[in-house]
Amino acid sequence: MERPSALSTSAILLSLLITLIVVLALYFQQVKQAQHDARQRLENHVQRLTDSLDLHFSQINLQLQKGGSLPELCSASGQSFRAAVLARPEIIGLQVVDRYGYLHCENQHRFQNPPHTGKPAARHNLRFAGPQLLNGYDGPQFTLARTRLDGSAIRVVLHPGWLRNQLRQLTSSLGFVALVNSDTGVPLMRVGSYSLPVQSPVFPLDSPYRLETLFDNQRQQFLSAQPLLTQPQLSIVISEESVLLDQPMDLVFPFWLGGSIAGFALTLMLVLRAKRWLNNPGRELRTAMRQHQFYNLYQPLVRSEDFSLAGVEVLMRWDHPEGTRSPDTFIPIAEQTGLIREMTVQQLQRITMELSSILIAQHSFRVSVNICPPIINDPATVEKIIAFKSRIPGLILEITENQMLEECEVTARSLQRFREAGISIAIDDFGTGYCGLAYLSQLPLHILKADRSFVAALGTDAVNADLLETIQQLAKKLDLMTVAEGVEEAEQAIRLQELGVELQQGWYHGRPMNSEKLYSRWLDSQQQQQNDLILEAVYG
Ligand code: G
Ligand code: G
Ligand code: MN
């Protein structure tokens, strides 16, 4: 059974993998979100820009509707009106032209001989024009004009710096912001290097539009365009290189590093917890118990005088899905988890079923069962075991010498209960532990099972060659029966016979076997012999 290790490489690798997958998934989700946000920011900017221009243009439109007739506009009475218009930061010039195209006044100057500048358009709404060269102004200018009911027109010259400032926005060297002609896409004013999609025709444009494609500068670019509400023939276009929008600029490295480390630690903790749960030895044993994977083997206990069967020692095995397990691998865990109690009760139940006929026929048939401190220290289990005495009359409980020493008082009380119930107690592996003789003599014991090392030493020149004899003498003094374990050879069996050891157990007499083998090899023939004896007695 695999012991749960505190920190295994597999747990670390698994945690790393899980963290990596989660972090990557989160990272890509963040990148996607950031890319989407970057495009959304451009679109929002286009919206803000058109809103701002629309607001200014409609305010100017409202203002240009006031001011009275042409003579009033250019007279002293129109001076406050002209001053108010010129006070707007986005306006640097104001011209009043009559219906024939003569310029009557400009800013606060009134022309005695009005120069001809161009006939105003007949439409009465606000008109944007430019870029155009105007007398008295350096460079191309943009104007807003409004024809009034009498056919005259007021024209304002927009501050080029103001318009440019409106467009100014942080784009890369290849991105741009432009005020363009909605029909043709020709830029009227731009910041950045203007370029348009190779194939998709954006213009004429009459509603907000976005696309991302290859531009004629051979770059992949994102574009968002929107016409002005007040001047639909004008549009704002913003474009930026896709590569720049795709760069997750706001993903903070330390944040991700910290998050990954914390995520890894958390995952490792969870993985270890899951692993511990999966590897929980108690869990595995409990499952095995539920699925009846434990079974009994029986090793013959024979009488020294004629090697006839006196009983069996019951030994547990685990029919594990990956192969039979010996008790050394699971009994310690069963003891630690306390599961040994339930396992022993189940073992006793199997005994009553598998050996029922011999138990009924021979009340003296010894059935030796191994028990341990968790059982002895638990009065409920003690009583459960005692309840089996009626069905297993020859029940013997084996406990090792060292285990006998644990929690002496409770042990003594339980042993007393067993004795009252008529159950014999055997000290297992006797001679290997540290039980004081005085202590031994006080306990209600019946059998000493001499450790197999003493049998192995018999007839050799080992230091303990004669110890079995000593044990045998001690047992006699304490009025205990002796069982010799580990009898593997005929000489050993004979020697034990000579020593007067009552019972023997070992491979020479029989290996641990299942109940069917026990019946076919030992019990059926014994039964036959008895039957023969009866027949002989009856018929002579
Ligand atoms: O049968 P085997 O030699 O594998 O047994 C190894 C050890 O496991 C022995 O010391 C024996 O006492 C112990 N053992 C075997 N079966 C049981 C059992 O049913 N209960 C307990 N408590 N110990 C057992
Ligand atoms: O500790 P305990 O006496 O319960 O141990 C009994 C175990 O000893 C059995 O599980 C069995 O497998 C083992 N055993 C029984 N007979 C012999 C034997 O002759 N030689 C050896 N080496 N082991 C034996
Ligand atoms: Mn034993």
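Descriptive notes on the structure:
Matching residues to (1) under 55 Å from the mean Cα position of the chain (by Cα); (2) more than 14 Å from ligand 3 (Cβ to nearest atom):
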{"site": "Arg417", "(1), (2)": "yes, yes"}
{"site": "Gly422", "(1), (2)": "no, yes"}
{"site": "Phe430", "(1), (2)": "yes, no"}
{"site": "Thr460", "(1), (2)": "no, yes"}
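- Conditions (1) within 16 Å of ligand 1 (Cβ to nearest atom); (2) surrounded by 18 or more Cβ atoms within 10 Å (Cβ to Cβ): number failed by Arg495: (1)
- Enumeration of residues in region 504-526 that are of a type in the set (A, V, I, L, M, F, W, C) and either within 16 Å of ligand 1 (Cβ to nearest atom) or more than 22 Å from Ile351 (Cβ to Cβ) (or both): Trp507, Met513, Leu518
- Lone qualifier among Ser172, Ser152 - being touching a helix residue (DSSP H, G or I) at 6+ places or on another chain (Cβ under 8 Å), at pLDDT below 95 and within 30 Å of Gly101 (Cα to Cα): Ser152
Yes/no matrix, rows are residues, columns are (1) within 43 Å of the chain's Cα centre (by Cα); (2) within 16 Å of ligand 2 (Cβ to nearest atom); (3) surrounded by 15 or more Cβ atoms within 10 Å (Cβ to Cβ):
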residue	(1), (2), (3)
Met343	yes, yes, yes
Gln347	yes, yes, yes
Ile360	no, no, no
Lys384	no, no, yes
Ile399	no, yes, yes
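- Residue ranges of strands (runs of 3 or more DSSP E) in region 188-298 with at least 2 members touching an Asp or Glu at 6+ places or on another chain (Cβ under 8 Å) and surrounded by 15 or more Cβ atoms within 10 Å (Cβ to Cβ): 220-227
- If only residues of region 109-148 that are at pLDDT 90 or above and basic (Lys, Arg) are counted, the one that is farthest from the chain's Cα centre (by Cα) is Arg110.
- Looking only at residues in region 300-316 that are touching a helix residue (DSSP H, G or I) at 6+ places or on another chain (Cβ under 8 Å) and not in a strand (DSSP E or B), the one that is nearest to Gln504 (Cα to Cα) is Ser304.
- Elements of type strands (runs of 3 or more DSSP E) contained in region 375-454, each with 2 or more residues being of a type in the set (Asp, Glu) and either touching a residue at least 12 places away in the same chain (Cβ under 8 Å) or away from ligand 1 (no atom under 16 Å from the Cβ) (or both): 424-430
- Enumeration of residues in region 120-137 that are outside any strand (DSSP E or B) and surrounded by fewer than 15 Cβ atoms within 10 Å (Cβ to Cβ): Ala121, Ala122, Arg123, His124, Asn125, Asn135, Gly136, Tyr137
- Among the numbered conditions (1) within 14 Å of ligand 2 (Cβ to nearest atom); (2) surrounded by 19 or more Cβ atoms within 10 Å (Cβ to Cβ); (3) over 27 Å from Gly422 (Cα atoms), the only one that Leu468 does not meet is (1).
- Those residues of region 305-319 which are buried (at least 23 other Cβ atoms within 10 Å of the Cβ) and small (Gly, Ala, Ser), in sequence order: Gly311
- Count of residues meeting criterion [hydroxyl-bearing (Ser, Thr, Tyr), surrounded by fewer than 15 Cβ atoms within 10 Å (Cβ to Cβ) and over 22 Å from Asn165 (Cβ atoms)] in region 19-74: 1
- In region 31-88, the residues that are among the aliphatic types (A, V, I, L, M) and closer than 30 Å to Gly175 by Cα: Val31, Ala34, Ala38, Leu42, Val46, Leu49, Leu53, Leu55
- Only listed residue being closer than 21 Å to Asp54 by Cβ, at pLDDT 90 or above and surrounded by 18 or more Cβ atoms within 10 Å (Cβ to Cβ), chosen from Glu90, Glu106: Glu90
- Taking the numbered list (1) among the acidic types (Asp, Glu); (2) within 60 Å of the chain's Cα centre (by Cα); (3) within 16 Å of ligand 2 (Cβ to nearest atom) in turn, Asp524 passes all entries but (3).
- The sole residue among Pro379, Pro332, Pro373 that is within 16 Å of ligand 2 (Cβ to nearest atom) and surrounded by fewer than 19 Cβ atoms within 10 Å (Cβ to Cβ) is Pro332.
- When restricted to residues that are touching an Asp or Glu at 6+ places or on another chain (Cβ under 6 Å) and near ligand 1 (Cβ under 9 Å from one of its atoms), region 363-373 contains 2.
- Selected residue (criterion: nearest to ligand 2 (Cβ to nearest atom)) from residues of region 401-432 that are touching a helix residue (DSSP H, G or I) at 6+ places or on another chain (Cβ under 6 Å) and closer than 15 Å to Arg341 by Cβ: Gln403
The values are calculated or read from the model by the stated rules, or taken from the named source; none is laboratory data. Predicted, not measured: the structure shown is a model, and the values here were computed from it. No Cβ is skipped: glycine too gets one built from the backbone with ideal geometry, and neighbour counts run over all protein chains shown.
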